[in-house]
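The values are calculated or read from the model by the stated rules, or taken from the named source; none is laboratory data. Since we're looking at a predicted model, the values are computed, not measured. Here the Cβ positions follow ideal geometry from the backbone for every residue, glycine too, while neighbour counts run over all protein chains shown.
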Amino acid sequence: MEQAGHLVVAGFPLALDRRYHVGTHMWVLLSEPGQARIGMDPLGIETSGTLAELSFVPVGTELIAGRPFGQLEAAKFVGPLVSPVSGIVLAVNDAAAIDAALTVRDPYGAGWLIEVSLSDAAGELPALLADPDEITTWFAAKIADYRRMGVIAQ
């Protein structure tokens, strides 16, 4: 089922025009050559609980894939926002830092988290899911797992 340019999988919207890091539920949307916008998918947001606060490293910070680029405070989780790629932070979403619920309301649009200049696109992007069928299969399986474990409602 499609809704507003997104596929809806078991009640969760899924954008297929970007890449996904399966361990962190972070998405990467390539923009200009060598640049990307990063956000969190709705399933990652849902499993964190009600978002209370988001904070990000400053613009100009050098990111390393697998290391934090910020902090998330929510009802079920307090911890780092982990970068799926390496690069330099070009912009942070101040609107999401001020109103964390923006990320819930529009995770693939206005609720983005940071923008980066990629330093190892050729080495890191192939590790992210990019094929729409693989993304959909992974996302559906995670929803089923989380429901089976009681992490999200049926």
Open item on the list: Could you list, ordered by first residue, the pairs with Cβ atoms under 6 Å in which the first is in segment 87-109 and under 18 Å from L63 (Cα atoms) and surrounded by fewer than 19 Cβ atoms within 10 Å (Cβ to Cβ) and the second is of a type in the set (S, T, N, Q) and modelled with pLDDT of 95 or more, at least 6 apart or interchain?
Closed with: I88/S117; L90/S117
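Which one of G123, G150 is over 14 Å from the mean Cα position of the chain (by Cα) and on the phi > 0 side of the Ramachandran plot?
Values: G123 fails: on the phi > 0 side of the Ramachandran plot.
It is G150.
State all residues of segment 118-136 that are hydroxyl-bearing (S, T, Y) and more than 14 Å from H25 (Cα to Cα); if no residue qualifies, say none. Before you say what the answer is, go through the steps one by one.
Of segment 118-136, the ones hydroxyl-bearing (S, T, Y) are 119, 136.
S119, the sole residue that qualifies.
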Task: E115 of a type in the set (D, E, K, R), buried (at least 18 other Cβ atoms within 10 Å of the Cβ) and at pLDDT below 95 - done: no
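Where in segment 1-84 are there strands (runs of 3 or more DSSP E), lying fully within it, with 2 or more residues that are surrounded by fewer than 16 Cβ atoms within 10 Å (Cβ to Cβ) and modelled with pLDDT of 90 or more?
Working: elements: 6-9, 12-14, 19-21, 26-30, 35-40, 51-56, 68-74, 78-82.
Of the strands (runs of 3 or more DSSP E) lying wholly inside segment 1-84, those with at least 2 residues that are surrounded by fewer than 16 Cβ atoms within 10 Å (Cβ to Cβ) and modelled with pLDDT of 90 or more span 51-56, 68-74, 78-82.
When you go through P126, P107 one by one, which is the residue that is in a loop (DSSP other than H, G, I, E, B), closer than 22 Å to L81 by Cα and modelled with pLDDT of 95 or more? Give the derivation first.
Values: P126 fails: in a loop (DSSP other than H, G, I, E, B).
None of the others qualify; the one that does is P107.
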